[in-house]
Amino acid sequence: MLRATPAPDFDAIVVGAGFAGLYMLHRLRSMGLSARVLEQGGGVGGTWYWNRYPGARCDLDSVEYSYQFSDDLQQEWRWSERFAAQPEILRYLEHVADRFDLRRDIRFGKTVTEAAFDEAAGCWRIATADGARLSATYCIMATGCLSVPNRPAFDGLDRFQGEWYHTGAWPHEAVSFAGKRVGIVGTGSSAVQAIPVIAAEARHLTVFQRQASYSIPARNAPLGDAEYAAIRARYGEMRRRARETPSGCWWSANLVAAAEMSAEERERELEARWQTGGLCFYGVFKDVLVNPEANEIAAEFLRSKIRAQVLDPEVAALLTPRSVVGCKRICLDTDYFATFNRPDVTLVDISDAPIEEITRTGLRTRRDHYELDTMVFAIGFDAMTGPLLRIDIRGRGGRTLQAKWADGPRTYLGLAVEGFPNLFTITGPTSPSVLASMVPAIEQHAEWVADCIAHARASARPRIEATRAAEAAWIAHHEEAAGGTLFPACNSWYVGANVDGKPRRVMPYTAGFAAYVEKCDAVAASDYEGFSLSAA
Ligand code: N01
């Protein structure tokens, strides 16, 4: 007698309970599907659960760095500042989890180690580090883009007698720097936020810089009641307008190329965006990210601002990047450059004298030894592909994602992967993700995935997989678009240059959020063109 294959435990398993996983769960449940979220942390929040370092804030205005799927939520939540600090963002996500009763379907402390597609049963079999085994028809990776911290692989770290921390895995307990000689490695967004705060507390702060960063004043400020009332009144309209822009952000982009403006007009535009603060600087010229001459005008403007803020010309020179601006993410700061005017802050250039080892009492570069009580590693993440590749993901025929992506990520729309049926990636590589307004990008993906699953089920073809041809065409288009930009010009995490041995590929989609959404919508409208749908 034939034994019926047992039904999977859930319709869908979602990995991660950050912005993406929470909303994905909400969508799936509202469709009447059974879903389980597996989260490695002890609470919701994802990025905002782990990144508790001093000074951590979002770099998009809080009012747009938040969900829009529920107007009630949007209207009732009150952000206190233009750029919310980590504790407030975490409170927001906890509020969302409670308000939509999400926690009952989330299991915390569950690190997913394996996900394998069972072809006979037509479902995903998921294993967690603590030995749990679950199955589901669909597996949705809401694992984040910046969620695997780069390990500090410095010789001798285990010998260090003081404390050390990674900004991306900060302890929950308060960390005191009072009276300490602190060293921080890295000068990216995390460090740029942490350095002024740590400097204000530590006895001495030594900053180890490999490449200088461009940074723009955040101009963070409390949001007043009148200002907030105006935002609430225009929320819907601002959200709608943002969806039509390349960045998906509220700020407006200049649609004129630098060469079409007079020197005075360019200066006015640059200065206006500098004064506004925030990432609107990305919109300074239409061609700032594609034309080296336009880029150099913007870069030189930012360099002059560094020279104006840093008193010691030698320190200013070290802090001044020579590279293209924007091909590494521009940082937002509050008093970053001015911090180097403090007598108790030292900048150490390690571009030509790298860190050789960590000693019992500090850090040795090729040039010198530095005595330290505490070390902070703000050295970033194995971005975009790291969160997926650290899970042993096996698709049809037992093929691993690691093997498939050995030369770089290949996806269809950054949402699906040929050979891996019923697997979806929220803001996966080759989607706009980190180059768009992150939360709207997440919502667009979660909604697309939910609609796709609904369509597959309704048409009695629950198995869905990207075709090889569609994936190849998407990757060709993605690479062509990226090749027309300046993103390949930098050694940044956007191209995987910050992780030894990682294939160098522009990972986020560069042709703009609005164009991308249009493509996703067109695919959905044409019976999910580029996917093959079949019965189980
Ligand atoms: O990481 P990063 P991050 N020896 O990779 C240096 C988002 N974010 O955590 O430039 C010495 O940018 C490395 O040097 P180099 C945001 O999207 C947002 O700061 O590679 N140094 C660099 O200086 C951001 O872009 C917010 O030469 C080493 C630094 O460490 C992304 O997260 C806040 C090294 C790493 O910079 C990542 O930011 C924080 C080594 N072996 C983060 N390895 C906001 O919302 C690396 N470095 C504001």
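Throughout, read-outs are computed from the coordinates displayed, never taken from laboratory work. The structure presented is a predicted model; accordingly, all values stated were derived computationally and were not measured. Note that we place each Cβ from the backbone using ideal geometry, even for glycine, and neighbour counts take in every protein chain shown.
What to note about this one:
- Contour excess over end-to-end distance, with Cα ends at R367 and A120 and 0.36 nm allotted per residue: 82.9 nm
- Gained length - E260 relative to A169, 0.36 nm times residue gap less alpha-carbon distance: 28.2 nm
- Descending by average beta-carbon neighbour count within 10 Å, the peptides 515-526, 327-338, 393-404, 137-148 line up as 137-148, 327-338, 393-404, 515-526, the highest first.
- Principal-axis tilt of helix 292-309 within the chain, Cα atoms, nearest 10 degrees: 50
- Distance (nanometres) between label positions extended 7 Å along Cα→Cβ at S532 and S30: 3.4
- Over all directions, the projected convex hull of the C-alpha atoms in the chain averages 25.7 nm² in area.
- Cβ-based net charge around D98, under 12 Å, with every Lys or Arg adding one and every Asp or Glu removing one: +2
- Distance in nm between pseudo-label sites at R159 and D101 (7 Å out along the Cβ direction from Cα): 5.8
- Any cysteine of the chain lacking a neighbouring Cys Cβ under 4.7 Å - listed by number: C58, C123, C139, C145, C249, C280, C331, C452, C520
- Neighbour net charge for G144 - beta-carbon separation under 13 angstrom, K R +1, D E -1: -1
- Mean-position separation - Cα centroids, segment 342-397 and segment 121-200, in angstrom: 12
- Cα gyration tensor, segment 311-390 - rounded (a/c under 1.5), prolate or oblate: oblate
- Efficiency of FRET from Cβ geometry, T5 and E300, R₀ 56 Å, rounded to 0.05: 0.30
- Full extension of the segment from A524 to S252, taken as 0.36 nm per residue of separation minus the current Cα-Cα distance, would add 95.0 nm.
- Helix 19-30 vs. the chain, principal-axis angle (Cα, 0 to 90°, nearest 10): 20
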